[in-house]
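Step one of this worksheet: look at the structure below.
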Amino acid sequence: MTLPSSGSGRRHAVLCVDDNAEIAAALELLFSRLPDFEWLGWLPAADHLVAEALERHPHLVLVDIDLPGADPFHAIEELAERDPEVRAVMFSGHVRPELVDRALGAGAWGYVSKNDGEEELLSVLRQVAAGEFALSSEAGRMHV
Amino acid sequence: MTEPRWRLLIADDNPDDRALIQGALLRGSAARTFRFVEAGSVAEALARVRDDPDPFQALLVDYTLPDGTAFDLLAGLPREPEGPGMLPLLLPAPVVVVTGRGDGELGARLLRAGATDFVGKDWLGPGSVTRAVENAIERHAMAAELRARQRALHESESRSRTIFEHATTGIAIIDAGGHYLRCNAAYSAITGLSEEELRHREFPALLHAEERERNRAHMQQLLAGAIPSYELDGRFVRQDGSVRWVHKFVSVLDMEDGRPHELISLVTDVTARRAAEAELRERDEAARLVADTAARLVLGNAGGTSTEEVLSSTFRVLCRRVGADCYLHYTLEADGTLQLVSSVGVDLAAHPEVARLHRGEQLCGQVLARGAPLVLEEPELADCQLAIPGLRAYAGYPIAAEDRVFGVLAVASWRRGRFRTGELDLIATLADLVAAWLDRARLTRALREREERLALFIAHAPAALAMFDRDLRCLAASHRYLSDYALDRHQLAGRPHHEVSPALGPAWREAHRRALRGEVVRSEGDPYRTPAGETRWVRWEVRPWVDGRDEVGGIILATEDVTEERRLTEELRLHREELQRLVEERTGELEASHRRLRASERMASLGTLSAGLGHDMGNLLMPMRVRLDTLQALDLPGEVHRELDGIRASASYLQRLASGLRLLAVDPQQAAQERALEVGRWWREAEAVLRNILPRGTLLEAELPDDPCWVRISTPALTQAVFNLVQNAGDALKGLPPGTVTVALEPCGAEVLVRVTDTGPGMSAEVQQRCMEPFFTTKARGISTGLGLALVYGLVQEAGGVVELRSAPGQGTTFTLRLPRAEPPLGRGGAGRSAYVGMENPRLRAYVAAHLRQRGCEVQDSPAAALTADLLVVEGDAPPGARGRVITLPAAAPFGDVKLALRAALEELDTPMVTT
């Protein structure tokens, strides 16, 4: 699998993990047309996330939860250890308190519900890129 | 009136004369009937009188008869014997002599010879004959009566005389002046004076001086007529000086001129009787003495005196009263010899022979060998080779009781050769008494040993036992008994049970009585009030104990303090009840939860479907939106953009539908962390899915508050509750002209009312009553599980709210959920406050800071800000000089700890700040 080459340093380089190719395609389309984001590509599973991230150096990793193969929480935990500069944000249609807790415990900087829409997704990603912690509104309701 | 018939004998040898006489009689007494018997000679007449069965009223006799004269006939007639002073010549019937010679001399002679009358033949007329017979019969009857009186008098006198002469009672006749007139032989015998000698004495000179005055007083009363008689006991002093005891009865015998003229004195010699009585009294006294001994020995009233002392004193008295010379008491020793233990009336030193009495070959030894009394009196004693010189009478009685021989009791006499009547009975009785006493003493000893053993056992028993005698005096008590009832032995000794334990009620006394009658009485638990006023529970048993004579000697009381046991049992019972209650409660909860589970199953299966559907829809809608955005960014014709807008609107609706579907899938329990929702936002999420479950044409209307309104329930819970209500409303409207379902959300004080109203047919009272019950349904099975409203009820109740229903047939139905109103969860409590977050991990620091900022806090990172911050969340120690509230965390704390610290911080922000 080949990944598009990354752009300038001021843009938020995003690597995506989602088993749904349609979602991935839509995200690529979304980020590609935004000037502050750089699409690094997508992975259908978390199995090679750490290796790819260490190689590609994304700023942000957008990770689905319901994935085939490796546990995405383990993957982001390992990634956080290997490269703390990479900030993982969970992106899922399932929002339950224990999932949010588990994600934050594993090292996620944010949690975005797929139901909250693209605007919230971009908002959370921008905040995280700015060094802030963020949850989309549905995830926020399920936490604290 | 007829006269009595006369039966007459006519003695005449001349038939004409006989006819003449009969004819005269018949004529002379016409009213009278006659029966004539004729006789021709003296002999024939006498034979008739003698043999004829019927008596004759009279005999008419011719003076001259062939075989003799009337004199011969008179002499031949039977007559009663003559007596002194009696009328002579009483013939069986009156005799009238008929004579031809009427001279007076013959007539006088005939009358003297016994004839009653005589008539001359010459003047033999009807009147004269009849008159003569009548007179004769009358005279004869008078003579007979006189004669009968004379005979009776004679007989009476002779009888009295006989009694007088031969009576054993002394009888004396005294005149009013007190002179003896007559006396009988018995009187003479008593007084020792003859009748002649008595005539010279004055009554009652014979009486002892002591009784004479008393006698005189009685006699004066008698003579004055005040009393008819008197009696007295007195002594006659006889000529020779001897004294006779007499009983006197004196009475008036004859009166003259209304005054007592003669007195009669009856005297009985009672000397012998009095002596017998005295003897009897003496013997009674001896018997009483023995009885007294018996009481002292057998009945245990001997007091401090020993058996020997009691016996010796008895012997001494008997010696004096009964008349034996010595009494001897021997005991049988173990080696079979007899040992003299007591002797009264003999000086053993002076009479060494007495000591020999007890030897085996001697008298007492014989008694022992015979096992029966031995009585030897004169003359047999003289013949007995074993006799002691000079001994005249001996009696030995074995002292034995029930095959056990204790010894011999003997009496001996040197003065008298025979024992008096009754004496030996006393000795025998005394021997029996001694035996009975010794037997009793033996039994008492055995009994005491047995009781002592029992008491010893009881005193050392490991249970609470006490032994009482028949009077309920404590004989023994175990240590446990004493400690259980806080008693000491001295307190118990000899005192009745009820006195020691006055609190004992009548039931206890009855139990004691029953036990004394031989019953065993027990109770599994009785309250007992201690002297200290504490109530203890006692399990007890009262049973009789049997003494050496197989009689109930008293009772044994066994008690066990079961207060603690009862307390534990009671505690156990309470525990068991509590456990049972808990089990029931938990079972109830389990059932309720099971019901809810069953109810949520329907939601769950629906949820699983809707969750998958919602998720997939979301996944499809996101790329659709992104592509629409891309298309819209392109420079396309205006109509294309309008089409794109239409597609976007549909996508938007689908997106909300997807959200609603997902809400139905979320388990409300898991969403419980969501403590409040804003009703407007909720409606926007839920509306689409609610609208989709209503029948075609049905309107769904919403009434929403103008301002944001927060309610304390999770989004999924409210969605599912309202979903069920709307679904029911839709069902109610099925098959009817299109109606309206209204969902109204309205703040009301501390509550938020969520109303779901339909314009359906409404509910009957019965359906209203039952509609919240699980499995209750008005719909056909298969369409509904009947759990919808039960689920609503459960969800609302869990959120702390209530469900209300208002409905009436034809009026539609309104369900109202009264839910607690809530503060906005992401409150602005932090507004105006400053916070400092001092954490190494930038991500976690950002996590905390983000939440604090969300609440309006101004979060700063510079160390200088730590000194001024109102709230600090720091790793390790609080920065020196910090004045704000500090929440500390260990360095490199895991996410869970950080989350807890964050919560603490958020709570701090929710607490109103105090301005100092």
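The values are calculated or read from the model by the stated rules, or taken from the named source; none is laboratory data. Everything numeric here is computed off the predicted structure, so don't read it as measured data. Note: ideal-geometry Cβ built from the backbone for every residue, glycine included; neighbour counts use all protein chains shown. Surface areas here come from the heavy atoms of the whole protein model, side chains and all, with no ligands, DNA or RNA. Shrake-Rupley method; radii C 1.70, N 1.55, O 1.52, S 1.80 Å.
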Average beta carbon contacts from partner chains per residue of A:18-30, 10 Å cutoff: 4
If you build a Gaussian network model of chain A, linking Cα atoms that sit under 10 Å apart, which residue out of A:LEU60, A:LEU49, A:LEU29 swings the most? A:LEU29
Debye log10 I(q)/I(0) for the range B:460-561, one point scatterer per Cα, at q = 0.13, 0.16, 0.19, 0.22 Å⁻¹: -0.41, -0.64, -0.93, -1.29
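Hey, got the average number of other protein chain Cβ atoms within 10 angstrom for residues in B:623-633?
On the way: counts 10, 2, 4, 11, 5, 0, 5, 5, 0, 0, 1.
Mean partner shielding for this stretch: 4.
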Using protein heavy atoms only (no ligands, DNA or RNA), what is the total accessible area buried between A and B, 1.4 Å probe, nearest 100 Å²? 3000
Check B:ILE399: other-chain or 5+ apart residues with amide H under 5 Å from its amide H, H built from backbone geometry? B:PHE406, B:GLY407, B:VAL408, B:LEU409
Grab every C-alpha pair in chain A, bin the distances at 5 angstrom width from 0 up to the longest one, and report whole percents. 2, 11, 22, 26, 23, 12, 3, 0, 0
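Of all the accessible heavy-atom surface of the range B:460-561, with the other protein chains kept in place and a 1.4 Å probe, what percent is carbon and sulfur? Spell out each step's value before the answer.
Working: 2740 of 5430 Å².
Accessible surface attributable to carbon and sulfur in the range B:460-561 totals 50 percent.
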Net +/- balance of residues flanking B:LEU20 in space, Cβ distance below 10 Å, scoring K and R +1, D and E -1: -1
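Summing Lys, Arg as +1 and Asp, Glu as -1, what charge do residues with Cβ under 9 Å from the Cβ of B:ARG244 carry, B:ARG244 excluded? Can you show the working numbers first?
Working: positive: B:ARG235, B:ARG238; negative: B:ASP269.
Taking every Cβ under 9 Å from that of B:ARG244, the sum is +1.
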